[in-house]
Amino acid sequence: MTPFPASEYVVLPIFILFLGATLAGALIAVFTKWIIRSVCGLALASVGLAGMFYFLNSPFLAVIHILIYIGAVCITIIFAIMLAEPDEPTDAPGQHSLSWTLGAAAAAGGVFLALALLGLKGDWPAPPKQVSDGSVENIGVALLTSQSLAFLTIALVLLVAILGAIAIARKGRHME
Amino acid sequence: MNLLEMHQNPSVYLVLAALLLAIGLFGLIRRHTLVGMLISGELIFGAAMLNLMAVNRFFAPDPTTGQVFVLFIMGLSAAEVAIALSIVIAVYRNYQSIQTNELSQMKG
């Protein structure tokens with residue numbers, strides 16, 4: 001199949017858009033003061049990550065990522081924000097002390113440098129011959145045959161998590 | 001590195017995943033509320049997923065395995081959010097606050 005003429009000039013801006021959305025969303029999620037804006041940053045980063053999954057040959061995971069992260073995780077966090085008051089008070093002592101922030105930045109920067117060097121300089125093997133194309137059909141077959149243990153385990157984990165969440169949060173209708 | 005072939009280059013994805021992990025770690029240390037720390041944790045989950053997908057796309061013989069793995073991580077993170085937010089609600093009910101420096105009591 002011959003590609004669309006000059007298609008790379010269309011693909012590159014879309015890729016950079018998703019890359020920028022991921023980074024900007026993550027930075028907004030971490031640096032903003034109000035938690036509700038932080039959730040919006042998480043949603044933006046999720047859109048960017050879904051685009052990254054699309055570029056990594058997996059449109060199925062892109063759809064699932066938007067469905068779970070924006071449709072379930074962000075909405076649940078917004079519910080929790082409405083039920084609790086998670087904003088950080090501005091006048092509390094010891095908050096955002098400069099040394100604490102600098103220490104956090106140093107730790108995160110160290111982790112980033114180490115992992116980025118590993119990714120760039122690491123002795124990665126040559127791409128092997130691919131035995132399947134990773135389509136949705138292949139994922140479905142794998143989930144029910146070779147990967148069925150993962151499928152059953154995650155079903156069990158989700159069941160236990162739902163039961164646990166109900167058990168922890170249920171005695172809340174009557175405040176004493 | 002050819003800029004036009006940027007989306008075919010595994011280094012871009014690996015460095016982006018490392019950067020997401022670093023940002024999430026920074027937020028996890030810096031935030032003083034439970035919900036803020038939870039959001040940073042979600043960023044770290046996203047970094048893990050991106051890293052797995054990049055390695056799966058470029059260096060694995062069977063691209064199906066990594067996608068099943070990422071689906072597993074998504075399920076885990078959804079379960080984690082459900083549990084963590086119910087704990088947040090329970091803590092708020094007892095303390096009227098979810099500031100981490102006020103949560104200093106344990107009761108068996």
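The values are calculated or read from the model by the stated rules, or taken from the named source; none is laboratory data. Quick caveat, the model's predicted, so the values are computed rather than measured. Positions of Cβ are generated from backbone atoms using ideal geometry, with glycine treated the same way; all protein chains shown enter the neighbour counts.
Before moving on, here are some points about what is shown:
- Within the stretch A:26-52, the set of residues being more than 17 Å from B:Leu21 (Cα to Cα) and not aliphatic (A, V, I, L, M) comprises A:Thr32, A:Lys33, A:Trp34, A:Arg37, A:Cys40, A:Gly51.
- Being modelled with pLDDT under 90, at the interface with another protein chain (Cβ under 9 Å from one of its Cβ atoms), within 17 Å of B:Gly41 (Cα to Cα) and out of contact with any Lys or Arg (no Cβ under 8 Å at 6 or more places or on another chain) is a description that applies to A:Ala80.
- Qualifying residue in the stretch B:18-40 (condition: in a loop (DSSP other than H, G, I, E, B), crowded, with 19+ Cβ neighbours inside 10 Å and more than 7 Å from chain A (Cβ to nearest Cβ)): yes
- If you go through the stretch B:50-64 and keep only what is more than 7 Å from every other protein chain (Cβ to nearest Cβ), in a helix (DSSP H, G or I) and out of contact with any Phe, Trp or Tyr (no Cβ under 6 Å at 6 or more places or on another chain), you end up with B:Asn51, B:Val55, B:Asn56.
- Residue in the stretch A:45-56 that is more than 14 Å from B:Gly27 (Cβ to Cβ) and in a loop (DSSP other than H, G, I, E, B) present: yes
- Options B:Val88, B:Val70: the member that is within 17 Å of A:Leu143 (Cβ to Cβ) and part of a helix (DSSP H, G or I): B:Val70
- The stretch A:96-176 holds helices (runs of 4 or more DSSP H) entirely within its bounds, and those carrying 2 or more residues that are more than 7 Å from chain B (Cβ to nearest Cβ) and surrounded by fewer than 11 Cβ atoms within 10 Å (Cβ to Cβ) map to A:98-121, A:148-169.
- Test result for A:Gly41, under 26 Å from B:Pro10 (Cα atoms) and part of a helix (DSSP H, G or I): yes
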